1. Just name one of ASN86, PHE53, ALA70: the one whose Cα is farthest towards the positive end of the charge dipole of the range 44-89 (beta-carbon charges, Lys/Arg +1, Asp/Glu -1).
2. Of TYR99, TYR41, TYR135, TYR241, which has the most accessible area and how do the rest follow, probe 1.4 Å?
3. Using a simple spin-label model with points 7 Å from Cα along the Cα→Cβ vector, what separation in nm is obtained for LYS23 and ARG76?
4. Using a 1.4 Å probe over the heavy atoms of the protein chains, calculate the carbon and sulfur portion of the accessible area of the chain as a whole percent.
5. For ILE129 and GLU205, compute 0.36 nm times the residue count separating them, minus their Cα-Cα distance, and round to one decimal in nm.
6. With charges only on Cβ, +1 for K and R and -1 for D and E, what is the dipole size of the range 1-134 about its Cα centre, in debye, rounded to 20?
7. Can you compute 3J(HN,Hα) from phi for each residue in the range 105-118, using the Karplus curve 6.51 cos²θ - 1.76 cosθ + 1.60 with θ = phi - 60°, rounded to whole Hz and x for Gly and Pro?
8. Probe of 1.4 angstrom, ligands and nucleic acids ignored: what's the accessible area per residue over the chain, in square angstrom?
Amino acid sequence: MKVLITASSRGIGFNLAKELLNKGHEVTITSSNIRNIENAYKELRELGTVHYFQADLSSKEDIKRMVKDAWDAMGRIEALIWNAPNVKCEPCMVHEARYRDWLEAALLHLVSPGYITTLLIQAWLEKKIKGVLIYLSSASVLEPMPPLLLADTARAGLVQLTKGITRAYGGKGIRAYVVLLGSFDTPGARENLAKIAEERGMSLEEIWRKEVIERTPLKRTGKWSELGALIDFLLSENAEYMMGSTILFDGAMTRGVNL
C-alpha cells in the first residue's frame, strides 16, 4: 500500500516506517525538523520506496501541503498512520499547564488528525478509492498518567472518531482503527521519563524499571516487529471486519478490563 506516516523521523513513526518498507509498502515520512527527516530518509531509502516532506502538524497550511505532496509523490494515499509528537510542556501536571499548552495538545492530538482525516476522506470519496486510517494513541487513555493528562485528554477523542468514521464510510471502503500503545523504547519516552526522574530525585534507570519494565508481566517494552506485524495486518483486507476497533497493544500493562 501507499502509506503516509506522520511524525516519523524517529521513534515510533520511524521504526514503523522501517517495518512497513520491509514488508513491501511504499511510505511517505514527515517531520517538522528538516534535518531529522533528511537523516531518516537516508537510512530508510535502502529498504524500499520512501518519500519525505517537512510538515508542522499544528499548522493547517502545512497539513494541506503535506497531504498534497505525499499524494503527488506516491500517485495516491491509500492509508494514513497518524503519529504525533509530544506536547512540549509534558510531562506536566494540570495545575502547571498554560492555555497555550492545552491548545497545543488539542491541535496535535485531535484537531490535526481530524483535519487530515477530512482531507483524505474527501479525496477518497471523490476518486472512489478505498482507504485505511490508523491512529496511534496510548494505553494511558484507559489508565491515565497524570503527567501526560493533556495529551491523553485530547487523544481520547480518537476512539470516537474511529468508530464514527467507520459507521459513516465503512460501506464505501473507508475503514479506521485506533491502536492504544504501551511502552516502546523511544527517544521521546526516555526524554519524558528523564524529566520525571529528575523531579523525583531518581535515576533514569530506576524510573525506567519502575514505570516501564515492571508495569507488564513480560518485563520488557514492545518490539518493533510486533507493532509492524499488527499494522501490516490492519492495512490488509483481512482486517476489514475489525474496522472501527480500538486495539489495546500494551503487554497487559493496563490493569483494568476494557470491553
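The values are calculated or read from the model by the stated rules, or taken from the named source; none is laboratory data. These numbers come from a predicted model, not from an experiment. Because the Cβ atoms are built from the backbone with ideal geometry, glycine has one as well, and the counts that use them run over all protein chains shown. Remember, those area values only see protein heavy atoms, side chains included, never the ligands or the DNA or RNA. Shrake-Rupley method; radii C 1.70, N 1.55, O 1.52, S 1.80 Å.
1. Farthest towards the positive end: ASN86.
2. TYR241, TYR99, TYR41, TYR135
3. 2.0 nm
4. 51 percent
5. Values: separation 76, 0.36 × 76 = 27.36 nm, distance 4.78 nm.
Between ILE129 and GLU205, full extension yields an extra 22.6 nm.
6. Computed charge dipole of the range 1-134: roughly 300 debye.
7. 4, 5, 5, 6, 10, 9, 5, 5, x, x, 5, 4, 4, 4
8. Numbers: 12660 Å² over 259 residues.
Here the per-residue accessible area is 49 Å².
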